[in-house]
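The values are calculated or read from the model by the stated rules, or taken from the named source; none is laboratory data. Only a predicted model underlies this, so the values are computations on that prediction, with no experimental measurement involved. Every residue, glycine as well, gets a Cβ built from its backbone with ideal geometry; the counts of neighbours run over all protein chains shown. Side chains included, ligands, DNA and RNA excluded: accessible areas come from the protein's heavy atoms. Shrake-Rupley method; radii C 1.70, N 1.55, O 1.52, S 1.80 Å.
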Amino acid sequence: MSAAGPPRGTNLAPRETAPRRKPHAWGEPTNDPHISNPAASAESPVVPPTDERVRDIGALRRFLSRPEFGSISGAVLVFIVFLLAAGDSGMFSAEGIVNWATVAAFLGIISVGAALLMIGGEFDLSIGSMIGFAGMMLAIPALYWGWPVWVACLFTFALCAALGAVNGYLVIRTGLPSFIVTLAFYFILRGLSLALSTMLTGKTILSNYEGVSLRDLVNGDYLSSTLFSGHVLTGVFNAMAGWGWIAARDGGEALAVGIPKVIVWWLLLTVIGGFVLARTRQGNWILAVGGDATAAKNTGVPVARVKISLFIVTALCAALFAVLQVADAGSAAADRGLQKEFEAIIAAVIGGCLLSGGYGSVVGASIGALIFGMVQIGIGYTSIDNNWYRVFLGAMLLAAVLFNTYIRKRVALGRR
Amino acid sequence: MDIDYILQLEDISKYFGSVIALNGVTLRLKRGEVHCLLGDNGAGKSTLIKTLAGVHLPDKGEYLVDGRPVRFQSPREALDLGIATVYQDLALVPLMSVARNFFMGREPRRKLLGSFHVMDHELAAGTAIEKLAEMGIKVRDASQVVGTMSGGERQCLAIARAIHFGARVLILDEPTAALGVKQSVNVLKLINRARAKGISVIFITHNVNYAYPVGDTFTLLNRGKSLGTFAKSAVAKDEVLDMMAGGAEMKELMADLEGVSI
Ligand SMILES: Nc1ncnc2c1ncn2[C@@H]1O[C@H](COP(=O)(O)OP(=O)(O)O)[C@@H](O)[C@H]1O
Ligand SMILES: [Mg+2]
């Protein structure tokens, strides 16, 4: 939580004058210069604050070495840039904000899973293919087999959880890098989505069958429409439009219909993920298995169970992404979610997660996703060519990795 | 059975592929004794204590706790029986804080809003600081990451953790390797104190000056086999030295440096 201490020796001066090396009884804390810690902060619930080898490190420096710091400052920077470049273009109207926040929310949902998994020391490259596959596994039973949409949703989630468990089980059992194992599923699932949908329906994009549209099915299903489609706070938005705070349509309703449910899901997952990581026993296990799986195992952490659970969580995030996307678009397509695994991993890295595991932040990853949304949509509001989006992404990733490497060195010397 | 053994390894073998790490080793730990495990590097000492700790399942032989056979699937099961270990590599995560490391795998919990179980960070921090202070390590901020600590401080953290959780058996694999004399003496005092409390200890060290004063029993391992177990009353210090890695060479050197004896 605080910054690096100075190298040993630079803060020795006051100690030289202090009385030292007096004999002490067993169990009494020593002042042995070889033993006391080189840098410690001034707050401690137990020992009175009189240690000459302690430097007071301010709240600001403490914030600077939080894992989220990089993504927060990146988000502020991007925000300011677009405020200057596109401030009067409608990007920051209610409708514009909902627009880019929605893009961020979709990515944020899978970034939460990817970040937890990365902190746990693993990757999942099959997230994007899983999104396409999950969408198909929802649309085919609902459209062609006449399943109620909520049953199809449950089926999709269960199937993805099982696939995540297979990913995790293979990684644990073989000891192979998750990079390779999930790369296999990257191809398998994408291929399956295309092959199965062609085999079963003759199409790869599904939106209606025999006059029934997927959108009507979803909206007609109480459970899935309540959970996954439409907006919340519509009344509040309309009232704000009535008061003239935000843009209104001819009929008086707000131009921005409300807050899409995907944004609610994103915020919810971010809060839950952040809470689990920071405050629960399971969070400690995630940090431990990612930091050093052998040490974790030897101290009694159920390493296999933690890692497999993380793969399942990541897969469920991909399934949620797919279900929300089907509800939003009114269609499923076998090529959905292309490259989403990379975007999720990049968001996690921007959010301060170390590629080597054991360190990172769920909130940071969500802010990383927010940066994505702002840039991807924001560029359209400026005169900049859209193709610069990818250039920006790459540059952002590089900057984040360099920054994280620097931070990790400081963490190794300082504290968090 | 006349003697009260808390842990027994009977004719244990452990293989790593083609490597025979342990070959029919028997080790019996009496309740309340300090049992020193001696042997050269690669003799299989760490493999033996990892078997005791539940990291390895033996390929052959029997492991008994309180006379009952056990097959630990994970170190967690050993810890649940009050068997705690300081591993040679310490089993600490450098990127995690002192408090998180101290309670890794055994996190204290409290209830939040009467329903959620959350990790009790305050209790964890307070306990970690207190237990480290008992070892002579002053840590003011339990959120300090372990990566910032010196080798000696880390070793003390691992020892303090094992003592906190090792209610019945404490296993120490070269716990003084990174420590200076003063801290090593602290560890020896801790071992004595543990014995006084009725805790049984297995202690691996390369230093006869540490092994002889605290040990009640000595077992010598060589190339995966046990060369026997000796009570302290039955062996002299330089016999123990003979058993230790490099002991013979050490005595030769002492003879060369006239007038010096250990
Ligand atoms: N996990 C392992 N995989 C393969 N070989 C191992 C493993 N652990 C130990 N060994 C081998 O077993 C033998 C005994 O090692 P160890 O128990 O660490 O010895 P000691 O602790 O007495 O120095 C060594 O030859 C070592 O290479
Ligand atoms: Mg060893």
Report Rg (one decimal) and Dmax (nearest whole number) for segment A:87-163, counting Cα atoms only, units Å. 16.7, 49
So the FRET efficiency between B:Ala167 and A:Val271, C-beta based with R0 = 45 Å and rounded to 0.05, is 0.75
Nearest 10 degrees is fine. How inclined is helix B:181-196 to the longest principal axis of chain B, computing both from alpha carbons? 80
Restricting to Cα pairs under 8 Å and 6 or more apart, the percent relative contact order of segment B:1-79 works out to 35
Using alpha carbons only: equivalent-ellipsoid semi-axes of segment B:1-147, gyration tensor based, whole Å: 34, 18, 16
In whole percents, the bins of 5 Å from zero upward hold the Cα-Cα pairs of segment A:322-362 as 6, 20, 19, 16, 13, 13, 10, 3
Can you list the HN-Hα couplings for segment B:164-173, worked out from phi with the Karplus curve (6.51, -1.76, 1.60; θ = phi - 60°), rounded to whole Hz and with x for Gly and Pro? 5, 9, x, 5, 10, 10, 10, 10, 10, 9
So what are the three principal axis dimensions of segment B:91-196 from its Cα atoms, in whole Å, longest to shortest? 48, 32, 21
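Could you give me D for segment A:186-233, from Stokes-Einstein at 4 °C and 1.567 mPa s, where the hydrodynamic radius is the Kirkwood radius over C-alpha pairs? Units µm² s⁻¹, please.
Estimated via Stokes-Einstein, D reaches 101 µm²/s.
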Using Cα-Cα distances under 8 Å and only pairs 6 or more residues apart, what relative contact order does segment A:195-298 have, in percent? 14
Using Cα positions and a limit of under 27 Å, work out the lysines in reach of A:Lys261, with same-chain residues fewer than 8 apart set aside. A:Lys340
Normalised by the empirical 2.2 N^0.38 Å for globular proteins, what value does the Cα Rg of segment A:139-228 take? 1.32
Would you kindly calculate the translational diffusion coefficient of segment B:68-121, applying Stokes-Einstein with the Kirkwood radius from alpha carbon pairs, for 4 °C and a viscosity of 1.567 mPa s, and quote it in µm² s⁻¹ without decimals? 96
Please state, rounded to one decimal and in Å, the Kirkwood hydrodynamic radius that segment A:244-308 gives when every pair of distinct Cα atoms enters the mean of 1/r. 15.0
Could you work out the mean count of beta carbons from other protein chains within 10 Å of each residue's beta carbon in B:83-94? 4
The FRET efficiency for B:Asp66 and B:Asn23, from their Cβ-Cβ distance with R0 = 41 Å and rounded to 0.05, is 0.95
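Suppose we keep just the DSSP beta bridges with both residues in chain B; what percent of those would be antiparallel, to 5?
Given both bridge residues lie in chain B, the antiparallel proportion sits at roughly 60 percent.
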Rounded to 5, the percent of DSSP beta bridges in the protein assembly as shown classed as antiparallel: 65
Please calculate the 1.4 Å probe accessible area of A:Thr226, with all protein chains present, and give it to the nearest 10 Å². 60
Which one, A:Ala296, A:Leu393, A:Phe157, projects farthest toward the positive side of the charge dipole computed for the protein assembly as shown from Cβ point charges (K/R +1, D/E -1)? A:Ala296
Just list whichever of B:Lys50/B:Lys237; A:Lys307/B:Lys111; B:Lys14/B:Lys225 have alpha carbons separated by over 19 Å in the model shown. B:Lys50/B:Lys237; A:Lys307/B:Lys111
Using alpha carbons only, what's the Rg to Rh ratio of segment A:67-196 with Rh from Kirkwood? 1.09
FRET efficiency, A:Glu95 to B:Ser150 (Cβ-Cβ, R0 51 Å, nearest 0.05): 0.35
Two pseudo-spin positions, 7 Å from Cα along C-beta at A:Val81 and at A:Ile384, lie apart in nanometres by 0.4
Mind putting together the pair-distance distribution for chain B? All Cα pairs, 5 Å bins, whole percent per bin, short to long. 1, 6, 12, 16, 18, 16, 12, 9, 6, 2, 1, 0, 0, 0, 0
Expressed as a whole number of Å, what is the distance separating the alpha-carbon centroids of segment B:199-246 and segment A:250-305? 51
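Based on the Cα coordinates of segment A:162-320, what is the per residue volume of their convex hull in Å³?
Hull volume over Cα atoms, normalised by residue count, gives 181 Å³.
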What is the spread of the Cα atoms of the protein assembly as shown along each of their three principal axes, largest first, in whole Å? 104, 62, 47
How large a share of the accessible area of the protein assembly as shown, in percent, is made up of carbon and sulfur atoms when the probe is 1.4 Å and the other protein chains stay in place? 62
Need one number: buried accessible surface between chains B and A, 1.4 Å probe, both sides summed, DNA, RNA and ligands left out, in Å² to 100. 4600
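Using only alpha carbon pairs under 8 Å that are at least six residues apart, calculate the relative contact order of segment B:1-140 and give it in whole percent.
So the answer I get is 18 percent.
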Gap in Å between the Cα centre of segment B:58-75 and the Cα centre of segment B:31-56? 14
